[in-house]
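FYI, it's all coordinate maths here, none of it is from the lab. Please read these numbers as outputs of a predicted model, since none were measured by experiment. Cβ sites come from the backbone with ideal geometry, for glycine too, and all protein chains shown count toward neighbours.
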């Protein structure tokens with residue numbers, strides 16, 4: 001597929017944000033991007049006209065009940081069959097922050113045995129409340145998440161987080177389910193320190209107390225990806241926090257490689 005033919009759907013809902021940052025990132029890479037309110041998608045049933053689906057960050061429906069829960073139930077009811085078909089055809093689905101929460105609530109992540117009818121994990125209250133600051137995350141995936149194959153293993157991205165409910169937790173016993181994630185190669189991003197070593201739960205580097213420093217995971221097939229940090233907020237060089245030390249910003253920041261890899265994957269696969 002030619003890059004200019006790739007169609008990305010960025011859905012939004014009441015309370016979502018980071019929509020425009022994500023649109024700018026994909027458009028800079030030369031693909032077609034439509035930012036569409038979820039109610040219009042529900043009504044027009046056009047999801048399968050797209051090659052990539054992105055659920056952005058924010059606080060959909062005010063995070064009532066649980067973060068992402070209302071939007072997730074609405075999506076299940078209004079477009080559940082279409083969404084399942086979209087995933088089953090192998091097209092990439094990316095959930096960032098609130099979008100990650102939605103994918104957990106809908107049972108697409110972690111999906112130990114495929115999509116679950118009930119959530120199999122949770123993004124609980126952060127250990128230190130709402131956090132809005134820069135962190136680092138490392139790509140620890142072994143290749144299952146093919147859309148990130150152009151992000152080198154152990155590559156570290158600096159980007160912001162902005163959430164109050166982002167502490168990734170698994171059912172008890174957590175170690176048992178953690179092993180399943182490793183056996184399936186579903187862990188993609190982990191929080192790390194400045195030197196690239198794992199945060200080991202330390203608050204400044206693991207901003208929400210996530211179990212095993214988990215910042216992002218994928219499904220069994222690798223085409224559904226969720227992460228709490230915001231690479232779209234680190235796409236351009238002028239967004240990086242320390243560019244003034246170098247006199248002028250680079251053209252691009254740490255987040256570009258994330259989006260570029262997704263676009264290259266769709267180019268090659270479809």
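Points to keep in mind about this one:
- Inter-centroid distance (Cα atoms) of the stretch 104-163 relative to the stretch 186-211, Å: 11
- The chain: antiparallel DSSP beta bridges as a percent of all, rounded to 5: 60
- Net length gained if the chain between residue 250 and residue 204 were fully extended (0.36 nm per residue, minus Cα distance): 13.9 nm
- Taking each DSSP H run with n ≥ 4 as -39500 (n - 2.57) and averaging over every residue of the chain yields -8000 deg cm²/dmol at 222 nm.
- Per-residue packing, averaged as other Cβ atoms within 10 Å, sorts the ranges 167-178, 95-106, 203-214, 133-144 into the order 95-106, 203-214, 133-144, 167-178, beginning with the highest.
- Taking other C-beta atoms within 10 angstrom as a stand-in for reagent exposure, 233, 248 fall in the order 248, 233, fewest first.
- Extension gain for residue 182 to residue 150 (0.36 nm times residue separation, less C-alpha to C-alpha distance): 9.5 nm.
- Rounded if a/c under 1.5, otherwise prolate or oblate - the chain, Cα gyration tensor axes: rounded
- Taking the average, over residues, of other Cβ atoms within 10 Å as the packing measure, peptides 38-50, 54-66, 116-128 rank 54-66, 116-128, 38-50 from highest down.
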